[in-house]
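The values are calculated or read from the model by the stated rules, or taken from the named source; none is laboratory data. The structure presented is a predicted model; accordingly, all values stated were derived computationally and were not measured. Cβ placement follows ideal geometry from the backbone for every residue including glycine, while neighbour counts extend to all protein chains displayed. The area values use the complete protein model at the heavy-atom level, side chains included, leaving out ligands, DNA and RNA. Shrake-Rupley method; radii C 1.70, N 1.55, O 1.52, S 1.80 Å.
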Amino acid sequence: MNCEPIRFDTKIAVLLREDLETWQRLNVTAFLVSGLGTELPEVIGEPYEDADGVPCLPMFRQPVLVFEGAAETLKTAHARVLSRSLPRAVFTSDLFTTGNDRDNRAAVRAVPTGELDLVGLAVYGPKNAVDKALKGARMHS
């Protein structure tokens, strides 16, 4: 059995606006990472199974790092992510007032890219590119 740690040349990161309440941080993070798993099958690992053979759903194959920053940090990071064509998911402040998926998508669609009031951003890609995109953000504490 190989016991060497698995290293990844990619990174999954979530950037949250620093002024969110705890419930908002959790909700935004859950929504954002769900987008990555649906479009990027390579981020999903193998299914889990306990010692009795009871199966569980697969999860991300690597850690999700969570960062925080000011509204301007999110805006800058979003522009960098777009310029690098990195896969991303966004969560805007408008989504706290909608109650369903159709209205969520309509709320984002109604606002031009540069005017989105971002409260969260998830990104996946090569470590170096993700690090450069999130420059200025700090690890969530």
Task: Rg to Rh quotient for the range 1-79, alpha carbon positions, Kirkwood Rh - done: 1.06
Task: Net charge, Glu68 excluded, C-beta distance under 12 Å - Lys, Arg +1, Asp, Glu -1 - done: +1
- [ ] Over the chain, with every protein chain in place, what whole percent of the accessible area is carbon and sulfur at 1.4 Å, could you tell me?
- [x] 55
- [ ] Could you quote the convex hull projected area for the chain, Cα atoms only and averaged over all directions, in nm²?
- [x] 10.5
Task: Heavy-atom surface of the chain, accessible at 1.4 Å and reported per residue (Å²) - done: 62
Task: Solvent-accessible surface ranking, highest first, for Ser93, Ser141, Ser83 at 1.4 angstrom - done: Ser141, Ser83, Ser93
TODO: Work out from phi, with θ = phi - 60° and the Karplus expression 6.51 cos²θ - 1.76 cosθ + 1.60, the ³J(HN,Hα) of each residue of the range 132-141, listed in order in whole Hz, and give x for Gly and Pro.
DONE: 5, 5, 9, 3, x, 7, 10, 4, 5, 10
Task: Folded to 0 to 90 degrees: helix 71-83 orientation relative to the chain principal axis, Cα - done: 70
Task: Antiparallel %, DSSP beta bridges [both residues in the chain], to 5 - done: 75
- [ ] Would you compute, from DSSP H runs of 4+ residues alone, the mean residue ellipticity of the chain at 222 nm, taking -39500 (n - 2.57) per run and dividing by the full residue count, rounded to the nearest 500?
- [x] -10500 deg cm²/dmol
Open item on the list: Quick check: the angle from helix 22-39's long axis to the longest principal axis of the chain, C-alpha only, nearest 10 degrees?
Closed with: 70
- [ ] With an 8 Å cut-off on Cα pairs and a minimum separation of 6 or more residues, tell me the relative contact order of the chain in percent.
- [x] 38
Task: Charge dipole (debye, nearest 20) of the chain; +1 at Cβ of Lys and Arg, -1 at Cβ of Asp and Glu - done: 660
